[in-house]
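These notes are about the structure you will find just below.
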Amino acid sequence: MSNTTYPPQVVIVGGGVIGSAIAYFLATHPKFGGHITVVERDPTYTQASSALSASSIRQQFSQPVNIAVSQFGIDFLRAIKQHLAVDGDVPDIGLTERGYLYLATEDGAATLRENHATQRAQGVDVALLNPAELQQRFPWLQVDDLALGSLGLSGEGWFDGYGLLMAFKQKARSLGVQYVKAEATGFVHSAGRVSAVALQGGAQLPCDWAVNAAGAWARPLLAGTGFDLPVHGRRRCVYAFASPAKTPGCPLVIDPAGLWFRPEGGIWICGLPPAPGEDANDVSLDVDYKLFDEAWLTLAHRVPGFEAVRLQRAWAGYYEYNTHDHNALLGPHPQLPNLLLANGFSGHGLQQSPAVGRGLAEWIAEGRYSSLDLSPLAAARLVEGRSLLEKNVI
Ligand SMILES: Cc1cc2nc3c(=O)[nH]c(=O)nc-3n(C[C@H](O)[C@H](O)[C@H](O)COP(=O)(O)OP(=O)(O)OC[C@H]3O[C@@H](n4cnc5c(N)ncnc54)[C@H](O)[C@@H]3O)c2cc1C
């Protein structure tokens, strides 16, 4: 840790699940004895993705690094009561372990097989099912147009994402992390190093390390650093609906049409991305109700019982969308090595928060990723002309 004062000061911008996970892991790192401040402008998290998510975790990625990240993620979530209890106050994130089921027509079957080979090589507990096997396991599913399904047999499911954020935050605070309610406006830097985080109103928080964990709002914060982060807020709506249908053992189903649905309490939630030409950057978070009409057509096709559905409520949040290659952008800013980025999760940041928190804490405390190499996700790939394309984006 050259050029740093002792004890080192770390300022994290953004107190969502990513900023809070980094704060927690750093505060517990045996080689870190410094001070950690988290700057969060909205402690009610009204627009934060961490509070508006579908909060699910899967192992079925196409990139080995994402699989390894989720393998640590599920282990961490299973043991959350040990990790994040504070003075006997034990967090309960309601982890429900149930698989993701990716469905493919003839067109998508080869990709599913390719991903399956990658996943099996990484030890993922996943099975390919033909239409007859799908029908046998899920009699309520319409399989006539399907060629293949890929079902996670363990290590996948869903949980309370806001609960996870709160658990990280409360634990971090109990370990001495300070949360400050303020809006950051940028990073003060000279001679290739960041020296402070600038706040609205003119104050500055001096630091040895700064972290940009500002979710869908990360890009404008870097405007003064000469680096155009290709991350935008892309609106994603979630629709909660009731139906007389019965779907016993329902996993999180991803239809070839792009729609996903899963059970939630006694009802279901679903979502689908807008058509590519309509997926605009940084639009308002008003719910797109027209999209539910489209969703319903697919729902009713895939599960005949869903011909009768009643929309109960809906909400919208941002995917902090990396338009370059839909994967996290982590680690040092290409020109400012003591400014770390934790951005661009493109719809999988909640499940990635444990591994990202641990990794960036190691980077600060040890100068390297010591437990899991996150370097394939380095933000530097943008300036080195590399891509790490994730095929399995929902
Ligand atoms: C509809 C939907 C479904 C999703 N489903 C899943 C899923 O199933 N599984 C999964 O893993 N992920 C999912 N995600 C993605 C996941 O929710 C996000 O990747 C994750 O929450 C990102 O966390 P974050 O801390 O980076 O961002 P956020 O939670 O948005 O936190 C960023 C924080 O930074 C603060 N901030 C921003 N700018 C400033 C500033 N200038 N000064 C001070 N504070 C600032 C904001 O107020 C905010 O609280 C989903 C997202 C959405 C919207």
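Residues checked against (1) among the aliphatic types (A, V, I, L, M); (2) more than 19 Å from Phe168 (Cβ to Cβ); (3) part of a strand (DSSP E or B); (4) out of contact with any Cys (no Cβ under 8 Å at 6 or more places or on another chain):
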position	(1), (2), (3), (4)
Ile12	yes, no, yes, yes
Ala21	yes, no, no, yes
Tyr24	no, no, no, yes
Tyr45	no, no, no, yes
Val69	yes, no, no, yes
Gly73	no, no, no, yes
Leu112	yes, yes, no, yes
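Here Gly123 fits the description: at positive phi and either in contact (Cβ under 8 Å) with a residue 12 or more places away in the chain or in the same structural domain as Phe261 (by TED's automatic domain parsing) (or both). Here the condition is being assigned by TED's automatic domain parsing to the domain that holds Gly258 and either charged (D, E, K, R) or at pLDDT 95 or above (or both); of Leu285, Leu329, it holds for Leu285 alone.
Counting only strands (runs of 3 or more DSSP E) that sit wholly inside segment 168-226, those with at least 3 residues that are within 15 Å of Val38 (Cβ to Cβ) and either in the same structural domain as Val356 (by TED's automatic domain parsing) or acidic (Asp, Glu) (or both) are 178-181, 209-212. Condition (residue is away from the ligand (no atom under 15 Å from the Cβ) and among the polar types (S, T, N, Q)) applied to segment 73-83: is it met by at least one residue? There is at least one residue in segment 73-83 that is away from the ligand (no atom under 15 Å from the Cβ) and among the polar types (S, T, N, Q). Summed over segment 183-206, the residues that are among the small types (Gly, Ala, Ser) and within 11 Å of the ligand (Cβ to nearest atom) give a count of 3. Being at negative phi, away from the ligand (no atom under 11 Å from the Cβ) and touching a residue at least 60 places away in the same chain (Cβ under 8 Å) is a description that applies to Leu360. All of Leu311, Leu330, Leu336 fail the test of being assigned to a loop (DSSP other than H, G, I, E, B), more than 11 Å from the ligand (Cβ to nearest atom) and of a type in the set (A, V, I, L, M), apart from Leu336.
Selection of segment 227-253 for residues being in a loop (DSSP other than H, G, I, E, B) and either over 18 Å from the mean Cα position of the chain (by Cα) or surrounded by fewer than 19 Cβ atoms within 10 Å (Cβ to Cβ) (or both) yields Phe227, Asp228, Pro230, Ser243, Pro244, Ala245, Lys246, Thr247, Pro248, Gly249, Cys250, Pro251.
Within segment 47-56, can one find any residue that is more than 8 Å from the ligand (Cβ to nearest atom) and either crowded, with 24+ Cβ neighbours inside 10 Å or over 17 Å from the mean Cα position of the chain (by Cα) (or both)? Checked against the condition, which is being more than 8 Å from the ligand (Cβ to nearest atom) and either crowded, with 24+ Cβ neighbours inside 10 Å or over 17 Å from the mean Cα position of the chain (by Cα) (or both), segment 47-56 yields no hits at all. Considering Trp217, Trp268, Trp260, Trp209, the condition of being modelled with pLDDT of 95 or more, crowded, with 21+ Cβ neighbours inside 10 Å and more than 15 Å from the ligand (Cβ to nearest atom) is satisfied by Trp209 alone. If you go through segment 155-182 and keep only what is in contact with a strand residue (DSSP E or B) (Cβ under 9 Å, 6 or more places away or on another chain), under 12 Å from Tyr24 (Cα atoms) and either among the hydrophobic types (A, V, I, L, M, F, W, C) or within 10 Å of the ligand (Cβ to nearest atom) (or both), you end up with Ala167, Ala172, Leu175, Val177.
The values are calculated or read from the model by the stated rules, or taken from the named source; none is laboratory data. Being a predicted model, the structure only gives us computed values, none of them experimental. Here the Cβ is made from the backbone with ideal geometry for all residues, glycine too, and neighbour counts use every protein chain on show.
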